[in-house]
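Structure first, commentary second.
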Amino acid sequence: MTQKHFPDGFLWGGAIAANQCEGGWDQGGRGMSVADCTTYKPNVSQKDYKAQHIITSADIEEAMKSKDTRKYPKRHGIEFYSHYKEDIDLFAEMGFKVLRLSIAWSRIFPTGLEAEPNEEGLKYYEDVIRYLISKGIEPLVTLHHYEMPLYLSNHYDGWYQREVVDFFVKFVDVVFKRYKGLVKYWLTFNEIDSAFRHPFTTMGIVEDRYPADKLEEVIYQSLHHQFVASAKATKLLKEIMPEAQMGCMVTKTLTYPENCNPANCLMAEKENRMNHFYSDVQSRGEYPSFIFKLWERKGINVKFEDGDLEVIKDYPVDFISFSYYNSKVSTADVAGKEVVSGNLSSSVKNPYLGISEWGWQIDPTGLYISLIQLYDRYQKPCFIVENGLGAVDHIEEDGSIIDDYRIDYFKGHILAIADAVADGIPVMGYTPWGCIDMVSMSTSQMSKRYGFIYVDLDDEGNGTYERRKKKSFDWYKNVIATNGDCLFE
Ligand code: BGP
């Protein structure tokens, strides 16, 4: 049997996002972002992902008056804003080849409307990027990761109003010109398919501002604006830095049928097709026909401006990036079946899989299947830019953190990637989510930890922010040092 190998130059690393790690929410001239309004929600069921994310107009009013950072944990994150050198040193010690990070739009244009960008914000990211490069770490930058200036949400209906496309393109133009020659890999919208799951986080849409029967149309219209903005950003990238590459970023919510009952198979097929809709537009450059039919049936009217379809067609992404945490199971007959949670989704329980403390099903084979599906569909290089296990970690008396559960999780998933690589699928890299503990996206908990590095901070915001290596730190360091070979021994 031939020994499996990861390709030379495989981009091992980790992923973080400004809204969950940066903090410094009122420093450096940053404006308020939608993420500053999300509260710590320990009591919301993991199965009710809608309730984890819902934000009302009254919640926003209250958040705008408050300076509290405990109630709004994303305002402090893990203070990467001031700790970035220490954190990057630790990433470099693990041997990272790449770090996925995001730029907070509100740090560059505090309301989104300013005539000139905020130099302090631009300088901050330049410092971070240059520091990464000085340590041999390639930056992979997401332009829009679950935050936008709150002002645009309040005054332009988030992504619903067309002008926001121009505001975003202006932001992107400034960023590309400033970081030209420094950043090779870019992503436009993080998990663009979250539009319906949490419209506020994804596109600044406050659901109570629209009649319930209009909401779906509002979201599709906003999504169209994001697709246009993504294509325009890709066009700019090709003009400003032809050597750089743009990726889309989708949540891979792989759905299995519960059994071979054709009704269940059809249901799963339709869910997978809907999951692929977003990358279909961004990668193939075309809306799939079933969406037009769906809009027709539902009386949804999405306005396209002249040139929209052309720019989407002419500027598809170069590679497919995605997050993968769990698979799902579909059945036409849910009655009496146990329901489990997942990343932004719920499903009936799959009896063949283990489950995380947060009820997410653990399925490494599903990652291999996802890579097959995405590569067969698009024939473009794939990049796994999020994957990981949220777990409660315990500090032993001697100060160590023995997170074998996390090591097992990663081992299974990296071996699944190796299977895909052995099939000839071009996988560019792997950036596990939350390579350093940070505030959870859905519930704003700190206790849901993903990192190789522990951060001393609890759910109530108490702690020293001290960083500490977990057992998985050295384990991952060895995986990178051997380019994955240690896993095949
Ligand atoms: C993805 C998001 C991330 C991240 C991750 C884990 O959907 O892109 O921002 O946080 O999920 O989710 P959570 O933090 O809610 O556990």
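The values are calculated or read from the model by the stated rules, or taken from the named source; none is laboratory data. The structure displayed is predicted, hence computed values, not measured ones. Every residue, glycine as well, gets a Cβ built from its backbone with ideal geometry; the counts of neighbours run over all protein chains shown. With ligands, DNA and RNA removed, areas are computed over all heavy atoms of the protein, side chains included. Shrake-Rupley method; radii C 1.70, N 1.55, O 1.52, S 1.80 Å.
If you take the Cα centroid of the range 239-295 and the Cα centroid of the range 124-185, the two points sit 25 Å apart.
The lysines whose alpha-carbon is closer than 26 Å to the alpha-carbon of LYS469, local same-chain residues fewer than 8 away aside, are LYS74, LYS85, LYS97, LYS135, LYS411, LYS448, LYS477. Taking all protein chains as shown and a probe of 1.4 angstrom, ARG130 keeps an accessible surface of around 120 Å². Counting only protein heavy atoms and using a 1.4 Å probe, the accessible area of THR38 comes to about 20 Å².
Charge dipole (Cα centre; +1 on Lys/Arg Cβ, -1 on Asp/Glu Cβ; no other charges) of the range 51-159 amounts to roughly 240 debye. Probe 1.4 Å, all protein chains in place: accessible area of THR365 in Å², nearest 10? It works out to around 80 Å².
In this simple spin-label model, placing a label point 7 Å from the Cα along the Cα-to-Cβ direction at both TYR465 and PHE292 gives a separation of 5.3 nm.
For the pair LYS67 and GLU119, what calculated FRET efficiency results from E = 1/(1 + (r/R0)^6), where r is the Cβ-Cβ distance and R0 = 35 Å, to the nearest 0.05? E(calc), rounded to 0.05, equals 0.90. In terms of the Cα gyration tensor, with a ≥ b ≥ c the square roots of its eigenvalues, is the chain rounded because a/c is under 1.5, prolate because a/b exceeds b/c, or oblate? In terms of gyration-tensor shape, rounded.
Of the residues LEU223, TYR210, THR464, the one whose Cα sits farthest toward the positive end of the charge dipole of the chain, with +1 on the Cβ of Lys and Arg and -1 on the Cβ of Asp and Glu, is LEU223. Checking every one of the trypsin sites (Lys or Arg not before Pro) in the range 316-395 against DSSP loop status and a limit of 13 other Cβ atoms within 10 Å picks out LYS337. Here's the list of lysines a cross-link from LYS170 could span, going by alpha-carbon distance under 24 Å and ignoring same-chain residues fewer than 8 apart: LYS123, LYS180, LYS184, LYS232, LYS235, LYS238, LYS303, LYS313.
Think of it as helices only: each DSSP H run of n ≥ 4 in the chain is worth -39500 (n - 2.57), and spread over all residues that comes to -12000 deg cm²/dmol at 222 nm. Placing unit charges on the Cβ atoms only, positive for Lys and Arg and negative for Asp and Glu, gives the range 11-484 a dipole magnitude near 600 debye about its Cα centre.
Cα-based values for the range 419-477, radius of gyration first and Dmax second, are 15.1, 48 Å.
Just to make sure I understand: if all protein chains stay in place, what is the order of VAL164, VAL421 by accessible area at 1.4 Å, largest first?
Final ranking, largest accessible area leading: VAL421, VAL164.
Shape verdict for the range 94-157, please, from the Cα gyration tensor: rounded (a/c under 1.5), prolate (a/b greater than b/c) or oblate. Taking the square roots of the gyration eigenvalues as a ≥ b ≥ c, the range 94-157 is oblate.
Only loop residues by DSSP count here, and only those with at most 13 other Cβ atoms within 10 Å; note down the GluC sites (Glu not before Pro) in the range 332-437 that meet that. Don't jump to the answer; show the numbers that get you there.
Numbers: sites: GLU338, GLU357, GLU386, GLU396, GLU397; in loops: GLU338, GLU357, GLU396, GLU397.
Answer by residue number: GLU338, GLU357, GLU396, GLU397.
Shown are SER400, SER323, whose ranking by accessible area with a 1.4 Å probe and every protein chain present, most to least, is SER400, SER323. Once the chain from ASP456 to HIS5 is taken as fully extended at 0.36 nm per residue, the excess over their C-alpha distance is 158.7 nm.
Placing unit charges on the Cβ atoms of the charged side chains and taking the dipole of the range 11-484 about its Cα centre, the candidate lying farthest along the positive direction among ILE320, THR201, THR331 is ILE320.
Can you figure out the FRET efficiency of ARG130 with GLU216, using R₀ = 51 Å and their beta-carbon distance, to the nearest 0.05?
Values: r = 44 Å, r/R0 = 0.87.
After rounding, the FRET efficiency stands at 0.70.
Can you pick out the pairs among LYS252/LYS298; LYS41/LYS337; LYS270/LYS349 whose Cα atoms lie more than 24 Å from each other? Pairs exceeding the cut-off: LYS252/LYS298; LYS41/LYS337.
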